[in-house]
Amino acid sequence: MVSRVRVWLNRTYAENVFFMDQLRRNPSDRAVEIHATHGDPDSPVLAAADTAELEPENLSPAGYVEYALDQCARRGIDVFVPRLHQSAIVAHRAEFEAAGTAVLAPPPEAVAVFQDKVIAYEAVQAIGVPVPPWWRVRSGDELVAAVEELEAGGYKACFKPASGAGGVGFRVITRTPFSLMHLGGFPSPYVQLDLVVEALRRAEEPVDWLVMPRLEQPEVSVDCLTGPDSRVRLAVGRTKNGRRRGFTLNEQWLDPARRIAEGFGLHYLSNIQFRMFGEQPVLMDVNTRPAGGLHQLSLCGVNAPWAAVQLALGEDPGEMVPPFLGQDYTVVSGPRPLRPVSLPQQRPEAAEPLPAVPVDSVEAPVQATTVEALRL
(Lines give C-alpha, C1' and ligand atoms only; values in the text may rest on other atoms or scores of the structure.)
Protein backbone atom coordinates (compact mmCIF):
# COMPACT_ATOMS: atom_id res chain seq x y z
CA MET A 1 0.00 0.00 0.00
CA VAL A 2 1.35 3.42 -0.98
CA SER A 3 1.67 5.72 2.01
CA ARG A 4 0.17 9.18 2.13
CA VAL A 5 2.31 12.24 1.39
CA ARG A 6 2.55 14.95 4.05
CA VAL A 7 3.14 18.44 2.59
CA TRP A 8 3.77 21.68 4.51
CA LEU A 9 3.21 25.19 3.14
CA ASN A 10 4.54 27.92 5.42
CA ARG A 11 3.33 31.53 5.41
CA THR A 12 2.09 31.70 1.82
CA TYR A 13 -0.38 33.62 -0.33
CA ALA A 14 -4.11 33.16 0.14
CA GLU A 15 -4.42 32.11 -3.51
CA ASN A 16 -2.45 28.96 -2.73
CA VAL A 17 -5.64 27.35 -1.41
CA PHE A 18 -5.96 26.28 -5.05
CA PHE A 19 -2.42 24.82 -4.98
CA MET A 20 -3.60 22.72 -2.04
CA ASP A 21 -6.76 21.65 -3.87
CA GLN A 22 -4.67 20.39 -6.79
CA LEU A 23 -2.39 18.37 -4.52
CA ARG A 24 -5.42 16.53 -3.17
CA ARG A 25 -6.87 15.93 -6.65
CA ASN A 26 -3.62 14.53 -8.00
CA PRO A 27 -3.75 12.20 -11.05
CA SER A 28 -1.79 9.53 -9.12
CA ASP A 29 -4.75 9.24 -6.73
CA ARG A 30 -2.23 9.45 -3.89
CA ALA A 31 -3.45 10.42 -0.43
CA VAL A 32 -2.11 13.86 0.52
CA GLU A 33 -2.30 15.55 3.91
CA ILE A 34 -1.50 19.24 4.07
CA HIS A 35 -0.06 21.15 7.00
CA ALA A 36 -0.14 24.96 6.89
CA THR A 37 1.28 27.68 9.10
CA HIS A 38 0.69 31.41 8.91
CA GLY A 39 0.97 34.58 10.96
CA ASP A 40 -2.63 35.58 10.24
CA PRO A 41 -5.21 33.42 12.02
CA ASP A 42 -7.78 34.40 9.37
CA SER A 43 -5.73 33.22 6.41
CA PRO A 44 -7.87 30.92 4.22
CA VAL A 45 -4.79 28.71 3.81
CA LEU A 46 -5.14 27.64 7.45
CA ALA A 47 -8.79 26.70 6.92
CA ALA A 48 -7.98 24.72 3.77
CA ALA A 49 -5.28 22.62 5.47
CA ASP A 50 -5.76 19.31 7.27
CA THR A 51 -3.72 20.62 10.21
CA ALA A 52 -2.63 24.17 10.90
CA GLU A 53 -0.72 26.30 13.38
CA LEU A 54 -0.07 29.98 13.90
CA GLU A 55 3.59 30.85 13.41
CA PRO A 56 5.63 32.45 16.20
CA GLU A 57 6.20 36.17 15.82
CA ASN A 58 9.48 38.01 15.30
CA LEU A 59 11.74 35.04 14.66
CA SER A 60 15.09 35.74 13.04
CA PRO A 61 15.88 33.72 9.89
CA ALA A 62 18.05 31.39 11.98
CA GLY A 63 15.32 31.06 14.58
CA TYR A 64 12.79 30.32 11.85
CA VAL A 65 14.96 27.50 10.50
CA GLU A 66 14.96 25.90 13.97
CA TYR A 67 11.18 26.30 14.13
CA ALA A 68 10.83 24.76 10.66
CA LEU A 69 13.02 21.77 11.50
CA ASP A 70 10.91 21.15 14.60
CA GLN A 71 7.70 21.35 12.55
CA CYS A 72 9.03 18.83 10.04
CA ALA A 73 10.07 16.40 12.77
CA ARG A 74 6.85 16.71 14.82
CA ARG A 75 4.52 16.63 11.83
CA GLY A 76 6.32 13.97 9.80
CA ILE A 77 6.60 16.30 6.79
CA ASP A 78 7.65 14.64 3.53
CA VAL A 79 7.77 17.77 1.36
CA PHE A 80 8.22 21.35 2.61
CA VAL A 81 7.22 24.22 0.25
CA PRO A 82 8.81 27.33 1.83
CA ARG A 83 7.95 30.91 0.93
CA LEU A 84 8.84 32.84 4.08
CA HIS A 85 12.61 32.80 4.78
CA GLN A 86 13.23 30.68 1.70
CA SER A 87 16.92 31.62 1.44
CA ALA A 88 17.67 30.67 5.05
CA ILE A 89 15.79 27.39 4.73
CA VAL A 90 17.51 26.20 1.52
CA ALA A 91 20.90 26.91 3.11
CA HIS A 92 20.02 24.16 5.62
CA ARG A 93 18.62 21.68 3.09
CA ALA A 94 20.88 18.87 4.35
CA GLU A 95 19.40 19.16 7.86
CA PHE A 96 15.88 18.90 6.50
CA GLU A 97 16.87 15.89 4.38
CA ALA A 98 18.37 14.25 7.48
CA ALA A 99 14.95 14.70 9.12
CA GLY A 100 13.28 12.97 6.15
CA THR A 101 11.94 16.17 4.55
CA ALA A 102 12.51 17.22 0.94
CA VAL A 103 12.62 21.02 0.47
CA LEU A 104 10.72 22.06 -2.65
CA ALA A 105 12.86 25.09 -3.56
CA PRO A 106 15.98 25.86 -5.60
CA PRO A 107 19.52 25.58 -4.16
CA PRO A 108 20.85 28.56 -2.18
CA GLU A 109 23.05 29.82 -5.04
CA ALA A 110 20.03 30.19 -7.33
CA VAL A 111 17.89 31.85 -4.67
CA ALA A 112 20.69 34.35 -3.91
CA VAL A 113 21.02 35.47 -7.55
CA PHE A 114 17.36 36.48 -7.80
CA GLN A 115 16.99 38.17 -4.41
CA ASP A 116 18.58 41.33 -5.83
CA LYS A 117 17.17 42.52 -9.17
CA VAL A 118 20.41 44.24 -10.19
CA ILE A 119 22.44 41.07 -9.68
CA ALA A 120 19.68 39.12 -11.47
CA TYR A 121 19.64 41.43 -14.49
CA GLU A 122 23.42 41.34 -14.81
CA ALA A 123 23.43 37.54 -14.51
CA VAL A 124 20.73 36.88 -17.13
CA GLN A 125 22.29 39.39 -19.54
CA ALA A 126 25.47 37.32 -19.34
CA ILE A 127 23.60 34.30 -20.75
CA GLY A 128 22.01 36.32 -23.54
CA VAL A 129 18.53 37.05 -22.12
CA PRO A 130 17.43 40.64 -22.90
CA VAL A 131 16.61 42.98 -19.99
CA PRO A 132 15.29 46.56 -20.01
CA PRO A 133 17.61 49.52 -19.37
CA TRP A 134 17.86 50.16 -15.64
CA TRP A 135 19.44 52.43 -13.06
CA ARG A 136 20.08 51.64 -9.42
CA VAL A 137 19.28 54.73 -7.33
CA ARG A 138 19.71 55.55 -3.66
CA SER A 139 19.04 59.29 -3.53
CA GLY A 140 16.79 61.99 -4.94
CA ASP A 141 19.52 63.32 -7.26
CA GLU A 142 20.13 59.84 -8.72
CA LEU A 143 16.39 59.38 -9.19
CA VAL A 144 15.99 62.67 -11.08
CA ALA A 145 18.98 61.87 -13.32
CA ALA A 146 17.56 58.46 -14.24
CA VAL A 147 14.08 59.84 -14.87
CA GLU A 148 15.42 62.62 -17.08
CA GLU A 149 17.46 60.18 -19.17
CA LEU A 150 14.43 57.93 -19.67
CA GLU A 151 12.14 60.82 -20.52
CA ALA A 152 14.71 62.13 -23.03
CA GLY A 153 14.36 58.80 -24.81
CA GLY A 154 10.58 59.10 -24.88
CA TYR A 155 9.89 56.63 -22.07
CA LYS A 156 7.79 56.85 -18.92
CA ALA A 157 9.87 56.10 -15.81
CA CYS A 158 8.91 53.74 -13.00
CA PHE A 159 10.68 52.37 -9.95
CA LYS A 160 10.52 49.42 -7.58
CA PRO A 161 12.65 48.04 -4.73
CA ALA A 162 15.84 46.31 -5.86
CA SER A 163 14.73 43.39 -3.72
CA GLY A 164 11.16 42.32 -3.13
CA ALA A 165 8.33 40.38 -4.72
CA GLY A 166 4.75 40.64 -5.84
CA GLY A 167 4.88 44.19 -7.21
CA VAL A 168 5.23 45.66 -3.72
CA GLY A 169 6.60 49.20 -3.95
CA PHE A 170 6.12 49.56 -7.72
CA ARG A 171 5.32 53.14 -8.76
CA VAL A 172 5.13 55.09 -12.02
CA ILE A 173 6.64 58.60 -12.10
CA THR A 174 4.54 61.53 -13.31
CA ARG A 175 5.31 65.25 -13.48
CA THR A 176 1.65 66.24 -13.30
CA PRO A 177 1.29 68.46 -10.18
CA PHE A 178 -0.64 66.91 -7.31
CA SER A 179 -4.26 68.12 -7.34
CA LEU A 180 -7.79 67.07 -6.48
CA MET A 181 -7.72 65.04 -9.69
CA HIS A 182 -5.49 62.54 -7.88
CA LEU A 183 -8.02 62.19 -5.03
CA GLY A 184 -10.90 61.06 -7.22
CA GLY A 185 -11.61 57.45 -8.12
CA PHE A 186 -9.38 54.61 -6.98
CA PRO A 187 -5.75 55.02 -5.90
CA SER A 188 -3.30 54.63 -8.77
CA PRO A 189 0.38 53.64 -9.00
CA TYR A 190 1.29 57.12 -10.31
CA VAL A 191 3.34 59.36 -7.98
CA GLN A 192 4.54 62.93 -8.54
CA LEU A 193 8.30 63.23 -9.04
CA ASP A 194 8.58 66.31 -6.81
CA LEU A 195 6.81 64.52 -3.93
CA VAL A 196 9.08 61.49 -4.25
CA VAL A 197 12.22 63.63 -4.31
CA GLU A 198 11.06 65.55 -1.24
CA ALA A 199 10.33 62.30 0.60
CA LEU A 200 13.83 61.03 -0.26
CA ARG A 201 15.43 64.21 1.06
CA ARG A 202 13.56 63.87 4.35
CA ALA A 203 14.36 60.17 4.70
CA GLU A 204 16.84 59.15 7.38
CA GLU A 205 18.25 56.26 5.32
CA PRO A 206 18.94 55.84 1.60
CA VAL A 207 16.58 53.78 -0.51
CA ASP A 208 17.61 50.99 -2.86
CA TRP A 209 15.46 51.27 -5.98
CA LEU A 210 15.60 50.10 -9.55
CA VAL A 211 14.46 52.73 -12.08
CA MET A 212 13.50 51.61 -15.59
CA PRO A 213 11.09 52.40 -18.41
CA ARG A 214 7.51 51.34 -17.91
CA LEU A 215 7.22 48.16 -19.96
CA GLU A 216 4.29 47.43 -22.23
CA GLN A 217 1.77 44.61 -22.29
CA PRO A 218 1.31 41.78 -22.82
CA GLU A 219 2.85 40.48 -19.63
CA VAL A 220 3.80 36.82 -19.98
CA SER A 221 4.45 34.84 -16.82
CA VAL A 222 6.18 31.53 -17.60
CA ASP A 223 5.69 28.79 -15.01
CA CYS A 224 8.60 26.34 -15.08
CA LEU A 225 8.97 22.91 -13.51
CA THR A 226 12.64 21.96 -13.32
CA GLY A 227 14.17 18.78 -11.93
CA PRO A 228 17.11 18.55 -9.52
CA ASP A 229 19.16 17.76 -12.65
CA SER A 230 18.39 21.35 -13.84
CA ARG A 231 16.38 20.05 -16.83
CA VAL A 232 13.02 21.73 -17.43
CA ARG A 233 10.10 19.28 -17.46
CA LEU A 234 7.34 21.85 -18.09
CA ALA A 235 7.16 25.46 -19.30
CA VAL A 236 3.88 27.23 -20.02
CA GLY A 237 3.33 30.95 -20.43
CA ARG A 238 0.34 32.69 -18.88
CA THR A 239 -0.51 35.89 -20.73
CA LYS A 240 -2.07 38.99 -19.22
CA ASN A 241 -3.34 41.94 -21.22
CA GLY A 242 -5.65 44.05 -19.09
CA ARG A 243 -8.46 41.87 -17.76
CA ARG A 244 -7.93 39.17 -20.40
CA ARG A 245 -5.77 36.16 -19.49
CA GLY A 246 -4.64 33.27 -21.66
CA PHE A 247 -1.87 30.77 -22.33
CA THR A 248 1.02 30.51 -24.77
CA LEU A 249 3.68 28.06 -25.88
CA ASN A 250 5.40 30.63 -28.10
CA GLU A 251 9.16 30.13 -27.95
CA GLN A 252 9.87 33.87 -27.81
CA TRP A 253 8.74 33.60 -24.17
CA LEU A 254 9.53 29.97 -23.35
CA ASP A 255 13.09 29.82 -24.72
CA PRO A 256 14.52 32.59 -22.48
CA ALA A 257 12.58 31.19 -19.51
CA ARG A 258 14.11 27.73 -20.05
CA ARG A 259 17.58 29.25 -20.38
CA ILE A 260 17.16 30.99 -17.04
CA ALA A 261 15.61 28.00 -15.24
CA GLU A 262 18.24 25.55 -16.51
CA GLY A 263 21.19 27.95 -16.48
CA PHE A 264 20.71 28.94 -12.84
CA GLY A 265 19.29 25.66 -11.50
CA LEU A 266 15.83 26.93 -10.55
CA HIS A 267 14.81 23.50 -9.29
CA TYR A 268 11.15 22.59 -8.84
CA LEU A 269 8.71 25.49 -9.39
CA SER A 270 9.72 28.95 -10.57
CA ASN A 271 7.97 31.82 -12.30
CA ILE A 272 9.74 34.00 -14.88
CA GLN A 273 8.01 37.18 -16.05
CA PHE A 274 8.45 39.13 -19.28
CA ARG A 275 7.04 42.30 -20.84
CA MET A 276 7.65 44.19 -24.06
CA PHE A 277 10.30 46.88 -24.51
CA GLY A 278 9.52 48.22 -27.95
CA GLU A 279 9.25 45.15 -30.18
CA GLN A 280 11.35 42.91 -27.94
CA PRO A 281 10.33 40.73 -24.97
CA VAL A 282 12.55 41.52 -21.97
CA LEU A 283 12.85 40.00 -18.52
CA MET A 284 10.82 41.74 -15.84
CA ASP A 285 11.24 39.49 -12.78
CA VAL A 286 12.13 35.99 -11.59
CA ASN A 287 10.41 34.28 -8.66
CA THR A 288 12.19 31.27 -7.15
CA ARG A 289 8.86 29.95 -5.82
CA PRO A 290 5.50 28.82 -7.19
CA ALA A 291 3.45 31.72 -8.56
CA GLY A 292 0.13 32.51 -6.92
CA GLY A 293 -1.56 31.90 -10.28
CA LEU A 294 0.14 28.54 -10.94
CA HIS A 295 -3.12 26.66 -10.44
CA GLN A 296 -4.51 28.37 -13.56
CA LEU A 297 -2.50 25.86 -15.63
CA SER A 298 -5.22 23.37 -14.70
CA LEU A 299 -7.21 25.03 -17.52
CA CYS A 300 -4.62 23.39 -19.81
CA GLY A 301 -5.01 19.95 -18.23
CA VAL A 302 -1.82 20.25 -16.14
CA ASN A 303 -1.37 19.65 -12.42
CA ALA A 304 1.99 21.35 -11.82
CA PRO A 305 1.91 21.29 -7.98
CA TRP A 306 1.63 17.51 -7.91
CA ALA A 307 4.35 17.04 -10.55
CA ALA A 308 6.66 19.17 -8.40
CA VAL A 309 5.92 17.06 -5.32
CA GLN A 310 6.68 13.94 -7.38
CA LEU A 311 10.08 15.38 -8.34
CA ALA A 312 10.80 16.24 -4.70
CA LEU A 313 10.01 12.62 -3.76
CA GLY A 314 12.34 11.29 -6.47
CA GLU A 315 9.47 10.26 -8.77
CA ASP A 316 10.25 11.87 -12.13
CA PRO A 317 7.05 12.69 -14.08
CA GLY A 318 9.11 13.11 -17.26
CA GLU A 319 8.67 15.86 -19.82
CA MET A 320 5.21 17.37 -19.60
CA VAL A 321 3.38 19.01 -22.49
CA PRO A 322 -0.09 20.49 -21.95
CA PRO A 323 -2.64 18.33 -23.82
CA PHE A 324 -4.40 21.55 -24.84
CA LEU A 325 -4.33 25.29 -24.15
CA GLY A 326 -7.35 26.56 -22.27
CA GLN A 327 -9.56 29.33 -23.60
CA ASP A 328 -8.97 32.94 -22.60
CA TYR A 329 -10.34 33.73 -19.16
CA THR A 330 -10.49 36.34 -16.45
CA VAL A 331 -9.91 36.12 -12.70
CA VAL A 332 -12.74 36.80 -10.26
CA SER A 333 -12.89 36.62 -6.48
CA GLY A 334 -14.96 34.07 -4.59
CA PRO A 335 -15.68 33.09 -0.99
CA ARG A 336 -13.50 30.71 1.00
CA PRO A 337 -14.27 29.51 4.54
CA LEU A 338 -12.19 30.59 7.52
CA ARG A 339 -11.54 28.92 10.86
CA PRO A 340 -14.59 29.18 13.13
CA VAL A 341 -12.79 31.36 15.67
CA SER A 342 -10.26 34.11 15.02
CA LEU A 343 -7.47 33.48 17.51
CA PRO A 344 -5.07 36.13 18.83
CA GLN A 345 -1.56 36.21 17.43
CA GLN A 346 0.49 33.35 18.82
CA ARG A 347 3.44 34.12 21.04
CA PRO A 348 6.68 32.13 20.53
CA GLU A 349 6.14 30.10 23.69
CA ALA A 350 2.58 29.09 22.74
CA ALA A 351 2.62 26.32 20.17
CA GLU A 352 -0.82 24.72 20.46
CA PRO A 353 -2.04 23.71 16.98
CA LEU A 354 -5.30 24.99 15.57
CA PRO A 355 -7.97 22.29 15.19
CA ALA A 356 -8.15 20.61 11.81
CA VAL A 357 -11.01 21.49 9.47
CA PRO A 358 -12.37 18.57 7.40
CA VAL A 359 -11.46 18.86 3.73
CA ASP A 360 -15.12 18.41 2.71
CA SER A 361 -15.99 21.72 4.35
CA VAL A 362 -13.77 23.71 1.96
CA GLU A 363 -15.69 25.41 -0.82
CA ALA A 364 -14.68 24.89 -4.44
CA PRO A 365 -12.76 27.83 -5.91
CA VAL A 366 -14.44 30.47 -8.00
CA GLN A 367 -11.40 31.72 -9.87
CA ALA A 368 -11.86 31.74 -13.63
CA THR A 369 -14.47 31.57 -16.32
CA THR A 370 -14.21 27.77 -16.45
CA VAL A 371 -14.53 26.77 -12.80
CA GLU A 372 -14.85 23.03 -13.37
CA ALA A 373 -11.51 23.01 -15.23
CA LEU A 374 -9.79 24.18 -12.08
CA ARG A 375 -10.71 20.89 -10.41
CA LEU A 376 -8.12 18.96 -12.42
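With label points built 7 Å along Cα→Cβ from the Cα atoms of Arg243 and Asp328, find their separation and express it in nm.
My value for the distance between the label points is 1.2 nm.
Contour minus end-to-end for Asn58 and Ala73, with contour as 0.36 nm per residue of separation and end-to-end as the Cα-Cα distance?
Full extension of this stretch gives 3.2 nm more.
Roughly what % of DSSP beta bridges within the chain run antiparallel, to the nearest 5?
70
From largest accessible area down, sort Glu205, Glu148; use a 1.4 Å probe on the protein chains.
Ranking Glu205, Glu148 by accessible area, largest first, yields Glu205, Glu148.
Taking the highest mean first, how do the peptides 245-251, 74-80 order by number of other beta carbon atoms within 10 angstrom per residue?
My ranking of the peptides, most packed first, is 74-80, 245-251.
R0 = 45 Å: FRET efficiency of Glu204 with Arg231, Cβ-based, nearest 0.05?
Once the sixth-power term is evaluated, E becomes 0.40.
Counting only C-alpha contacts under 8 Å and six or more residues apart, can you give the relative contact order of region 127-172 as a whole percent?
The normalised contact order for region 127-172 reaches 23 percent.
Just to verify a number: what accessible area does Leu195 come out at with the full protein assembly present, 1.4 Å probe, Å² rounded to tens?
Looks like 90 Å² after rounding.
For region 16-43 and region 177-206, what is the centre-to-centre distance using only Cα atoms, to the nearest Å?
Each part reduced to its Cα centre gives a spacing of 40 Å.
First check a/c for region 278-329, with a ≥ b ≥ c the square roots of the eigenvalues of its C-alpha gyration tensor; if it is under 1.5, answer rounded, and if not, answer prolate when a/b is larger than b/c or oblate otherwise.
oblate
Show that you can apply the helix-only estimate: for the chain, add -39,500 (n - 2.57) for every DSSP H stretch of four or more residues, divide by all residues, and state [θ] at 222 nm to the nearest 500.
When only DSSP H runs of four or more count, the value is -7500 deg cm²/dmol.
Using 1/(1 + (r/R0)^6) with R0 = 25 angstrom and r between the beta carbons of Val118 and Glu97, what's the FRET efficiency to the nearest 0.05?
The value I calculate is 0.20.
Relative contact order of region 208-316, please, whole-number percent, based on alpha carbon pairs below 8 angstrom and at least 6 residues apart.
Relative contact order, region 208-316: 26 percent.
Would you mind calculating the relative contact order of the chain from Cα pairs under 8 angstrom and at least 6 residues apart, reporting the percent as a whole number?
21
Putting +1 on Lys and Arg Cβ atoms and -1 on Asp and Glu Cβ atoms, find which of Gly326, Val111, Phe80 reaches farthest to the positive end of the dipole of the chain.
The one lying farthest along the dipole's positive direction is Gly326.
Could you sort Leu234, Leu200 by their accessible area in this structure, using a 1.4 Å probe and putting the largest first?
Ranked list, largest accessible area first: Leu200, Leu234.
Would you list Lys156, Lys117 from the most to the least accessible area, probe 1.4 Å?
Per-residue accessible area, sorted high to low, gives Lys156, Lys117.
Treat the chain as a sphere of radius equal to its Kirkwood radius over Cα pairs and apply Stokes-Einstein at 4 °C in a medium of 1.567 mPa s; give the translational diffusion coefficient in µm²/s, rounded to a whole number.
58
The values are calculated or read from the model by the stated rules, or taken from the named source; none is laboratory data. Everything numeric in this text was worked out from a predicted model, so none of it was measured. For neighbour counting, all protein chains shown are included, and Cβ atoms are generated from backbone atoms with ideal geometry for every residue, glycine included. Ligands, DNA and RNA are stripped out before the accessible areas are found, and what is left, the full protein with its side chains, is counted by its heavy atoms. Shrake-Rupley method; radii C 1.70, N 1.55, O 1.52, S 1.80 Å.
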